[in-house]
Amino acid sequence: MDTIKFLLDGFTVALQWHNLLFALVGVIIGTAVGVLPGIGPMSGVALLIPVTATLTSGMPTDAAAASSIILLAGVYYGAMYGGSTTSILLNTPGESSSVVTALDGYQMAQQGRAGAALSIAAIGSFIAGIVSLIGLVLLAEPLSNIALEFGPAEYFSLMLLGLAAVSGLAGKSVTKALIMTVFGLMLGTIGIDAVSGIARFTYDLPVLYGGLEFLTIAVGLFALGEVFKTILENDTDAEPIAKIKRILPTKQDLKDSAKPITRGSLLGFFIGVLPGAGATLASFFSYITEKKFSKNPDSFGKGNIAGVAGPESANNAASGGAMIPLLTLGIPGSGTTAILMGALIMYNVQPGPLLFDDHPEIAWGLIASMFIGNLVLLILNMPLVKVFAKIIQTPKKYLLPIIIAISFFGVYAVQYTTFDLYLLLACGLFGYLLSKNDYPVAPLVLALVLGPMIENNMRRALTISNGDWSIFVTKPLSLVFLIIAIAWVLIPVILKFMGRKVIVNEEE
Amino acid sequence: MIKSFDKISGIIFLLISILFISESLKISGSAYGSVVGPKIYPLILGIVLGILSLRLLYEAFKQASDKKETMKLDYKKFAIIFISAIVYVLLLEIIGYVISTFIFLVVAFQVMEKGRVIQTLIISAIFSYGVYAMYVNLLGGALPRFSLF
């Protein structure tokens with residue numbers, strides 16, 4: 001079994017002491033990020049890229065890439081978990097994927113069962129993490145083998161599908177989501193064209209030759225946008241926090257949540273694999289499913305532990321599932337995975353089917369480290385629940401300016417120009433204005449990362465076909481991807497016309 | 001608020017698309033050895049954005065402007081922090097990382113909430129010097145040094 005051998009190799013990478021440390025640090029920072037109001041998984045990961053870049057600067061490229069992606073992935077799933085803490089204790093979800101958790105979690109906290117809710121969330125997240133990792137291990141090889149057969153035309157259509165999926169589900173208006181996507185693609189064309197070497201839209205400004213740095217845009221739109229929003233809306237009052245008494249769940253709690261965790265993990269994983277349908281959708285679906293399966297659906301919303309266990313498992317499983325398209329196809333399915341992909345590209349590592357052949361230690365090291373990270377998350381979070389609850393109380397007076405200072409430091413340390421800092425501030429302003437008016441910013445970042453790849457594949461495909469555009473519809477797989485892409489955008493619109501309610505994926 | 005924003009942004013996006021189309025037409029047409037030059041892709045994007053922004057304008061004008069409750073926004077606080085962030089960038093390479101960060105944090109903390117001056121000074125000093133020491137001395141990175149000394 002090659003897969004098992006590769007996995008074992010992966011564990012030797014992940015168990016190197018510095019990588020263990022990176023996974024640990026990533027998970028802790030991630031949980032803190034998830035708990036802190038104002039920074040979600042996306043801005044957390046984006047903010048830490050420059051820090052990891054410096055931490056790993058002394059290492060050989062491949063090892064550096066493996067270590068930093070291990071840390072960043074730790075932040076990602078740590079943050080997914082941390083988001084649930086605020087939902088349960090404060091009734092204010094840290095991320096949209098924990099919105100459902102607040103329904104029953106906060107009620108449990110009101111009844112003095114905050115500890116049980118938190119620990120069941122941790123246990124559920126852990127099991128879900130393991131389930132999605134097993135799925136990742138099983139699917140990674142076969143999927144990347146299929147993807148190896150893809151030509152440029154198939155890639156082009158698949159990436160369009162990825163973009164369509166994210167825009168089709170993001171936010172309230174499809175038009176606005178599509179505008180953001182196309183705008184992101186346009187921003188991606190700025191700079192020197194990789195094929196012909198011609199400078200486009202640079203207007204002889206040297207800072208633009210390399211193109212706009214995705215890191216600057218992502219940190220600006222997400223982290224600063226959120227900070228500006230909090231300052232402007234003067235949302236700085238501290239809310240009272242529910243007390244945590246007993247941490248461990250009772251036997252009855254465990255029994256009640258065993259099935260929801262299993263269902264949530266499986267459901268979440270499959271939803272996570274689909275591009276565009278991220279953790280938020282997974283947790284919503286899981287909640288609905290649990291309510292349907294439950295013997296007394298009326299108890300939901302009144303502190304039913306299944307309403308915490310299911311959705312929390314689902315959103316963690318989804319974040320594991322979202323790694324599959326990223327690692328095997330090189331196509332990020334969500335904002336956060338787009339940022340992870342940007343980080344890999346910064347290390348000159350191209351995610352995609354070749355990743356498993358060219359850089360097996362990165363791909364399998366990451367997979368193995370996610371096993372370890374999930375274990376760390378469980379061991380850490382049970383005893384540290386009270387510590388993390390303290391972090392929530394960090395006064396915003398200090399938190400917000402420090403987030404601004406950290407983003408400045410991060411961007412400047414990587415780019416070393418003040419141009420990027422001005423761009424960062426501008427993006428922060430636009431990020432606030434856009435998301436305030438229902439323009440989703442995640443598709444923009446995704447498009448910015450995918451843009452150059454889409455263009456290159458389009459041009460390569462057209463070169464192969466001698467400029468004949470029909471290559472995209474005559475290749476069967478490419479045609480299938482295009483049809484799904486169109487359906488993904490159109491079906492919600494049609495459903496809306498018919499007056500049906502459509503679940504949309506908020507930013508995650 | 002959302003509707004009027006949509007009208008304005010629709011027009012802006014339309015202008016961007018026109019600009020983008022006209023600018024991409026100026027890019028040289030063909031690349032050596034390839035049928036498709038560097039101008040086709042931006043051109044397509046420009047056209048698609050144009051269509052989408054027309055659609056947005058149509059949607060924005062079709063729906064009667066609904067009255068939304070206007071939230072009271074704290075423009076003053078935001079403006080001071082935003083401007084001090086710009087000043088921070090301006091000064092960063094002149095007076096160095098530590099001093100500029102320190103000043104920015106002190107100003108921003110006090111704008112967020114007045115009082116507790118000593119705590120403010122301590123936190124700002126620890127952050128600005130701590131980041132610099134960690135990054136430059138420990139990790140060997142580079143940040144603008146104090147140039148006053």
For this session: Sort out which residues of segment A:167-224 are under 18 Å from the mean Cα position of the chain (by Cα) and β-branched (Val, Ile, Thr), and write them in order of number.
Result: A:181, A:216, A:217, A:219
Exercise. In segment B:85-119, what residues are more than 9 Å from chain A (Cβ to nearest Cβ) and in contact with a Phe, Trp or Tyr (Cβ under 6 Å, 6 or more places away or on another chain)?
Worked result: B:96, B:98, B:100
For this session: Identify the residue in segment B:55-77 that is more than 9 Å from chain A (Cβ to nearest Cβ) and surrounded by 15 or more Cβ atoms within 10 Å (Cβ to Cβ) and, among all such residues, is modelled with the lowest pLDDT.
Result: B:60
Problem set entry | Residue list for segment B:99-117, restricted to those being out of contact with any Pro (no Cβ under 7 Å at 6 or more places or on another chain) and at pLDDT 90 or above | B:99, B:100, B:101, B:102, B:103, B:104, B:106, B:107, B:110
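Every residue, every condition in (1) of a type in the set (A, V, I, L, M, F, W, C); (2) buried (at least 24 other Cβ atoms within 10 Å of the Cβ); (3) within 15 Å of residue A:323 (Cβ to Cβ), yes or no:
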| site | (1), (2), (3) |
| --- | --- |
| A:90 | yes, no, no |
| A:104 | no, yes, no |
| A:116 | yes, yes, no |
| A:126 | yes, no, no |
| A:134 | yes, no, yes |
| A:158 | yes, yes, no |
For this session: Go over the candidates A:408, A:371 one by one and state the one that is under 23 Å from the mean Cα position of the chain (by Cα), of a type outside the set (Gly, Ala, Ser), assigned to a helix (DSSP H, G or I) and within 14 Å of another protein chain (Cβ to nearest Cβ).
Result: A:408
Exercise. Has segment A:88-107 got at least one residue that is out of contact with any Cys (no Cβ under 7 Å at 6 or more places or on another chain), within 14 Å of residue A:287 (Cβ to Cβ), modelled with pLDDT of 80 or more and among the β-branched types (Val, Ile, Thr)?
Worked result: yes
Exercise. Which of the following residues is more than 10 Å from chain B (Cβ to nearest Cβ), assigned to a loop (DSSP other than H, G, I, E, B) and of a type in the set (Gly, Ala, Ser): A:197, A:162, A:210?
Worked result: A:210
Exercise. If we scan segment B:133-140, do we find a residue that is within 9 Å of another protein chain (Cβ to nearest Cβ), out of contact with any Pro (no Cβ under 7 Å at 6 or more places or on another chain), part of a helix (DSSP H, G or I) and surrounded by 15 or more Cβ atoms within 10 Å (Cβ to Cβ)?
Worked result: yes
Seminar exercise, completed: Note on segment A:359-412: residues in contact (Cβ under 8 Å) with a residue 24 or more places away in the chain and among the small types (Gly, Ala, Ser) are A:363, A:365, A:368, A:369, A:373, A:389, A:407, A:410
Problem set entry | When residues of segment A:416-446 are limited to those that are within 12 Å of chain B (Cβ to nearest Cβ) and outside any helix (DSSP H, G or I), the one modelled with the lowest pLDDT | A:416
Seminar exercise, completed: Given (1) part of a helix (DSSP H, G or I); (2) under 23 Å from residue A:447 (Cβ atoms); (3) at pLDDT below 90, residue B:45 misses just (3)
Exercise. Residues of segment A:358-379 being charged (D, E, K, R) and touching a helix residue (DSSP H, G or I) at 6+ places or on another chain (Cβ under 8 Å), which ones?
Worked result: A:361
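From A:340, A:366, grab the single residue that is within 25 Å of residue A:17 (Cα to Cα), touching a Gly at 6+ places or on another chain (Cβ under 9 Å) and part of a helix (DSSP H, G or I).
The match here is A:366.
The values are calculated or read from the model by the stated rules, or taken from the named source; none is laboratory data. All values derive from a computational prediction rather than experimental measurement. Positions of Cβ are backbone-derived with ideal geometry, glycine not excepted, and every protein chain shown enters the neighbour counts.
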